[in-house]
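The values are calculated or read from the model by the stated rules, or taken from the named source; none is laboratory data. Quick caveat, the model's predicted, so the values are computed rather than measured. Please note: Cβ atoms are built from the backbone with ideal geometry, for glycine as well, and neighbour counts cover all protein chains shown. Please note that ligands, DNA and RNA were not included when accessible areas were found on the heavy atoms of the full protein model with its side chains. Shrake-Rupley method; radii C 1.70, N 1.55, O 1.52, S 1.80 Å.
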Amino acid sequence: MAERLVLPYPAVVCGHICLDVIPTLYDRQAGVDAILVPGKLVDIGPAMLSTGGAVSNTGLALHRLGVPARLMGKVGDDRFGETIVDIVRGHGAELADGMIVAAGEASSYTIVISPPGIDRIFLHCTGANDTFEAADVREELLREAGLFHFGYPPLMRRMWTDGGAELAALLAKAKAAGATVSLDLARPDPDAEAGRADWRAILSRALPSVDLFLPSFEEILFMLRREEFDALAASGGTTDLLPYATEALLLDLADELLGMGAAVVALKLGEYGLYMKTCDSAERLASAGRYAPRDAAAWTSRELYAPCFDVRVAGTTGAGDCTIAGLLTGWMLGLAPEEALLGAVGTGACNVERPDAVSGVPPWAAVRRRIAAGWAQRPPKPAGFRRTAAAGASVWRGPGDAGGGTFSEGEGV
């Protein structure tokens, strides 16, 4: 049983959920080219079954950290759906209270190909996620929620068709109910209809109701700068574009998203850590729902970056979702931005020490103790930041950061 945190309101985690089938792959099969060969029989180990998607990954990570949480995803009335609900309920009976079982629909599933040391490949069926709509969200849960987190709308057809009208309506509904609203994305198949949608227009419609916007760098580059994304991918021969995440580009993307209405933008940088920029209005932050920061001024006009902590990576499934869970936990507990950011990358680091999506996440107090004990950090990635100490580790401040803190002399990168 996770150590329970004392919080006045639960978190409702809503959106995409699926069944993950994760085969065990051996070190000798680290190269994808050695696995995906037509006609080849590949010797692999046992498969792990777990729930995946934002609802499961972020929701169960919050639960393991000690946050009172409710999960709200949509599954079909098939064997995969039964398995999904059973797995969720196995973590805590109350977690499954918000789950929706749709008669006659197929449940979503993903085959996760995760060779040691490289990023994952997903073979995904969206299933019942495609019919999820604002009306599926129960009003009583929103009235009780302190935080409403919605994840992966690009993998939920109703959320991005019609210019994102359903997504905007859902987030506005949660905001009107008084919840703090957070939003995470997923990168769609670029050749599918979702990959060709006008995501700038969709986000412009949705973000005025979003307090914390939490996409990855590559997702938001794809959605806002598709030509630049394609050009970088073509020149590098890969869609792993994290090496191009310069401070100037991160700042430019974050400023555009803040201009669309979000109060806080945090861009996930994979193995490089987490970048965060906040709006310049304390009033906007103070209006961020039931979990608005106690000290809105401390969160105003901030630009911070936290590199990852050093761990031995067993798998990266769910790493971004668990990082989000850590950030949301720090936010709900009313921590300073630096401490919340470190808690985020600390939670993500614990996650990747296990091959599945959430079993590596310990209680929140254990994450904090590990950070305070001098947990080694990886070298910082973006240039243009300077280091300041916080909670036993280092957070790097951007040139435009308006927060306090003491810089170490000569620590610019």
Item to check | Options L36, L60, L65, L49: the member that is of a type in the set (A, V, I, L, M, F, W, C), more than 13 Å from H91 (Cβ to Cβ) and modelled with pLDDT of 85 or more | outcome: L49
Item to check | All positions within the range 276-299 that are over 22 Å from the mean Cα position of the chain (by Cα) and not hydrophobic (A, V, I, L, M, F, W, C) | outcome: D280, S281, E283, R284, S287, R294, D295
Checklist entry - Can you tell me which residues in the range 195-247 are assigned to a helix (DSSP H, G or I), among the aromatic types (F, W, Y), out of contact with any Phe, Trp or Tyr (no Cβ under 6 Å at 6 or more places or on another chain) and open to solvent by less than 50 Å² (accessible area, probe 1.4 Å)? => result W199, F217
Next on the checklist: Can you confirm whether I17 is more than 19 Å from the chain's Cα centre (by Cα) and touching a residue at least 60 places away in the same chain (Cβ under 8 Å)?
Outcome noted: no
Item to check | Cβ-Cβ under 6 Å pairs, at least 6 apart or on other chains, the range 168-179 side modelled with pLDDT of 95 or more and open to solvent by 20 Å² or more (accessible area, probe 1.4 Å), far side outside any helix (DSSP H, G or I) and of a type in the set (V, I, T) | outcome: K175/V181
Next on the checklist: Being within 30 Å of P23 (Cα to Cα) and either among the aromatic types (F, W, Y) or open to solvent by 10 Å² or more (accessible area, probe 1.4 Å) (or both): is that true of D189 here?
Outcome noted: yes
Item to check | Given (1) within 18 Å of L183 (Cα to Cα); (2) surrounded by fewer than 24 Cβ atoms within 10 Å (Cβ to Cβ); (3) not charged (D, E, K, R), index of the condition P153 fails | outcome: (2)
Checklist entry - Are any residues in the range 122-145 open to solvent by 50 Å² or more (accessible area, probe 1.4 Å) and closer than 14 Å to G52 by Cβ, and if so, which ones? => result F122, L123, H124
Next on the checklist: Taking the conditions exactly as written (under 16 Å from A206 (Cβ atoms) and either surrounded by 18 or more Cβ atoms within 10 Å (Cβ to Cβ) or free of Cβ contacts under 8 Å to residues at least 12 places away in the same chain (or both)), does A263 satisfy them or not?
Outcome noted: yes
Next on the checklist: Conditions first: (1) open to solvent by 10 Å² or more (accessible area, probe 1.4 Å); (2) in contact with a strand residue (DSSP E or B) (Cβ under 6 Å, 6 or more places away or on another chain). S108 passes all but one, so which condition is the exception?
Outcome noted: (1)
Next on the checklist: When you check A357 against the structure, is it part of a helix (DSSP H, G or I) and under 16 Å from A61 (Cβ atoms), yes or no?
Outcome noted: no
Item to check | Candidates T317, T278, T347 - the one that is of a type in the set (V, I, T) and farther than 23 Å from I113 by Cα | outcome: T278
Checklist entry - Any chance the range 74-90 includes a residue that's within 23 Å of A177 (Cα to Cα) and of a type outside the set (A, V, I, L, M, F, W, C)? => result yes
Next on the checklist: Pairs please, first residue from the range 318-329 and on the phi > 0 side of the Ramachandran plot, second anywhere and surrounded by 24 or more Cβ atoms within 10 Å (Cβ to Cβ), Cβ atoms under 7 Å, 6+ apart in sequence or on different chains.
Outcome noted: G318/N57; G318/N351; G318/A357; G318/V358
Item to check | Residue among R284, R294, R290 that is modelled with pLDDT under 95, closer than 23 Å to L333 by Cβ and not hydrophobic (A, V, I, L, M, F, W, C) | outcome: R294
Checklist entry - Considering T329, T323, which residue is touching a Ser or Thr at 6+ places or on another chain (Cβ under 7 Å) and at pLDDT 95 or above? => result T323
Item to check | Given (1) within 16 Å of the chain's Cα centre (by Cα); (2) more than 23 Å from E228 (Cβ to Cβ), number of the condition Y272 does not satisfy | outcome: (2)
Checklist entry - Considering the range 304-324 alone, what residues qualify as being outside any loop (DSSP other than H, G, I, E, B), out of contact with any Lys or Arg (no Cβ under 8 Å at 6 or more places or on another chain) and aliphatic (A, V, I, L, M)? => result A306, A319
